[in-house]
Amino acid sequence: MPILNEDYFRYLPISDRDVQWDLYVSGTGFSHVPAQSPYPRSVHPTTYHFAWSNGRVLPEFQVLYITRGEGEFESEIAGKLKITAGNAILLFPGVWHRYRPTFEIGWDEHWISFNGGYAQRLVERGFLSPEKPILRTGMDDNILEPYRRVLAKVRAEPPGYQQIIAAHTMEIIAASLAAERNAQIPDRFNVIVRDAKRLLEERTEEVIDMPEVAASFHTSYAHFRRVFKKQTGLSPYQYHLQLRIHRARELLHGTTLSVKQISARLNFESPYHFSKIFKKKSGLSPTEWRRGGLSGNGHDEVAEENDAASEE
């Protein structure tokens, strides 16, 4: 898609069906703010328009992605923060805020407004927080492209486009969180985690000594575990254990091997130990899983206390 160079925004009517989708988009746009230009440049509806002197409070969420220039942001919760290109600004319903580009430099911004139960749950579960409204993502096409697709869909209005742009909004949020997390990890450790994941995926039928894996990458296990979990959400042990359980499901579903044989093939301590872990991760015993095929209610719980105990 071509890079935008002209201002565009649109606010969307919301139907009951859109609300029932659990995330709905109420507006989106792009603004190129040259140096020494007033801000905001366009007049928006009363709910959205604001002056720096007063700020504003929105009834919904908004994510802005700054792709050129710099400026400042302030909210009643986070205080004053500097904004640079490659920053995503998170705005929350009911939270007073204001922001603007530096007058001598300007900036380019993509933005999208949204609401719904999905967004509320992201806040409740700590993925998004008004205490951390700025994500230092760097310039990332994985964030920018969904914005462009949203604008293209809004302009074309194909059937069902509201649900499509809702999915793109989820993509923007997920890509922003991932980019911010990865930006905090040196490239060397991004490579280590990638290579470690590949190693663990290739050795699903083995019991692996994780400190030895860390040593093979010339780093301490404590550091390796911390970085691996920051990227994947799981410790190396739990990541590998889930791969082994997934392999067990494949063997139960696709072979006639007994539970005892599968346990031995995957190098579990005993069939009892295998069955106990399998049920904890899958919600069903191996025998129940085989009888039910893929209809189990697997939930893959990860308990930190069990994680730590299992690694000792």
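The values are calculated or read from the model by the stated rules, or taken from the named source; none is laboratory data. Note that the coordinates shown come from a computational prediction; the quantities given were computed from them, not determined experimentally. Counting neighbours? That spans all protein chains shown, and the Cβs are built from the backbone with ideal geometry, glycine included. For accessibility, only protein heavy atoms count, side chains too; no ligands or nucleic acids. Shrake-Rupley method; radii C 1.70, N 1.55, O 1.52, S 1.80 Å.
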(request) Looking for whichever is open to solvent by less than 40 Å² (accessible area, probe 1.4 Å) and under 30 Å from Ile262 (Cα atoms) here; the options are Leu200, Leu151. Which one fits? (result) Leu200
(request) List the number of the failed condition for Gly233; all other conditions in (1) small (Gly, Ala, Ser); (2) farther than 28 Å from Asp140 by Cβ; (3) surrounded by fewer than 16 Cβ atoms within 10 Å (Cβ to Cβ) hold. (result) (2)
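Could you tell me which residue of the stretch 96-121 is nearest to Gly69 (Cα to Cα), considering only residues that are part of a strand (DSSP E or B) and within 20 Å of the chain's Cα centre (by Cα)?
His110
Restricting to the stretch 128-148, and then to whatever is of a type in the set (A, V, I, L, M) and part of a helix (DSSP H, G or I), can you tell me which residue is surrounded by the most Cβ atoms within 10 Å (Cβ to Cβ)?
Ile143
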(request) Those residues that are closer than 15 Å to Thr287 by Cβ and either buried (at least 16 other Cβ atoms within 10 Å of the Cβ) or in contact with a Cys (Cβ under 7 Å, 6 or more places away or on another chain) (or both), I need them from the stretch 246-262; list them, please. (result) Ala248, Arg249, Leu251, Leu252, Val259, Ile262
(request) At least 2 residues that are in contact with a Ser or Thr (Cβ under 6 Å, 6 or more places away or on another chain), at pLDDT 95 or above and open to solvent by less than 30 Å² (accessible area, probe 1.4 Å) in each: list the strands (runs of 3 or more DSSP E) lying fully within the stretch 39-95 that qualify. (result) 61-75
(message) Going by what's in this entry, would Ile192 be described as over 22 Å from Gly29 (Cα atoms), in a helix (DSSP H, G or I) and open to solvent by less than 20 Å² (accessible area, probe 1.4 Å)?
(response) yes
(request) Under 6 Å between Cβ atoms, at least 6 apart or on separate chains: pull out the pairs that start in the stretch 33-55 with a residue that is without any contact (Cβ under 8 Å) to a residue 60 or more places away in the chain and under 17 Å from Trp96 (Cα atoms) and end on any residue that is part of a loop (DSSP other than H, G, I, E, B) and not aliphatic (A, V, I, L, M). (result) Gly55/Trp96
(request) Note down all Cβ pairs under 7 Å where the first residue falls in the stretch 187-205 and is over 14 Å from Thr219 (Cβ atoms), the second is of a type in the set (Phe, Trp, Tyr) and at pLDDT 90 or above, and they're at least six residues apart or on different chains. (result) Leu200/Tyr239
(message) I'm trying to understand the selection: among the residues of the stretch 165-188, which are β-branched (Val, Ile, Thr) and either open to solvent by 60 Å² or more (accessible area, probe 1.4 Å) or at pLDDT below 95 (or both)?
(response) Ile185
(request) Could you please let me know if Ala156 is over 22 Å from Tyr11 (Cα atoms), among the small types (Gly, Ala, Ser) and open to solvent by 30 Å² or more (accessible area, probe 1.4 Å)? (result) no
